[in-house]
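Okay, so here's the structure we're looking at.
The values are calculated or read from the model by the stated rules, or taken from the named source; none is laboratory data. In this text the structure is predicted, and so the values were computed from the model without any measurement. A quick note on method: Cβ atoms are made from the backbone with ideal geometry, for glycine too, and the neighbour counts reach across all protein chains shown.
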Amino acid sequence: MRFTVAVIPALYTALAAAALLKRDCTHNNCLRALIGEQNKNGDAVNDACSAVLVATVKTDVAGVPVTTVAPTGTMPTYASNACVSTKGVDRPARYASACSCIGAPAATVTVPAEPATGPSITVTHHSLTDCTYWDIIDGPTVIHNGACVVSTVGYGSVQFGQLEGATCYDCRALRFTSTDCSGDSFGNAPLNDCAGVNSPQSFLFQCTPVEGCTPGDQ
């Protein structure tokens, strides 16, 4: 089972290069431009640098990092014109390096995930196709709405157990030939039953509210 997606654009990868370049902090045109602007408006320069040097890491409910959101800041005009690519170091890395040289801190902000809510179900992976109790290889694991369950075994089965908290929800386990719940599904795996697999597959546990339903109607 996996829930990891990583997004790390150029401005974030520039941080590693910035750490190396900071050792000498050569007064090139890029750094001179930042120093000159800092002398006129230090707060604005530092704020612009912080937008590039601070990344956000989102964790799951267990505290494990699952997504890295790169800084969204862009170079101001005075830096864009001065921080040119040279000697194999690209423009974002030049700017990040200059920012670190003027004392702008690089940092990572960790954002804990909200506790999972909504319908849940248990999932168990088996080494045989009939979900026999003695051939369990993983689980049972509780998953919530929107989780992608991956079965990487070439021959076996996945068992979806009893639904919990699903009143007024229509729940299903969409089946995919991919291993990341992408592409077109080719049917549903049975809930509270056994789904045999003969190749790596994935299942998207998906629940949608039933319109007009209120607790107690079902």
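Of the numbered criteria (1) within 33 Å of the chain's Cα centre (by Cα); (2) of a type in the set (G, A, S); (3) at pLDDT 70 or above, the one A33 fails is (1).
Among the residues of region 158-172, those identified as within 18 Å of E211 (Cβ to Cβ) and either without any contact (Cβ under 8 Å) to a residue 12 or more places away in the chain or in a strand (DSSP E or B) (or both) are Y169, D170, C171, R172. Scanning region 166-185 for residues that are exposed (fewer than 14 other Cβ atoms within 10 Å of the Cβ) and within 26 Å of the chain's Cα centre (by Cα) gives T177, D180, S182, G183, D184. Of the residues screened, D90 is not one that is at pLDDT 75 or above and either within 30 Å of E37 (Cβ to Cβ) or loosely packed, with under 14 Cβ neighbours inside 10 Å (or both). Across region 199-215, the qualifying residues are those that are touching a residue at least 24 places away in the same chain (Cβ under 8 Å) and over 13 Å from V150 (Cα atoms), and the one among them that is surrounded by the fewest Cβ atoms within 10 Å (Cβ to Cβ) is P215. Put simply, of V52, V123 the only residue that is within 27 Å of N145 (Cβ to Cβ) and modelled with pLDDT of 70 or more is V123.
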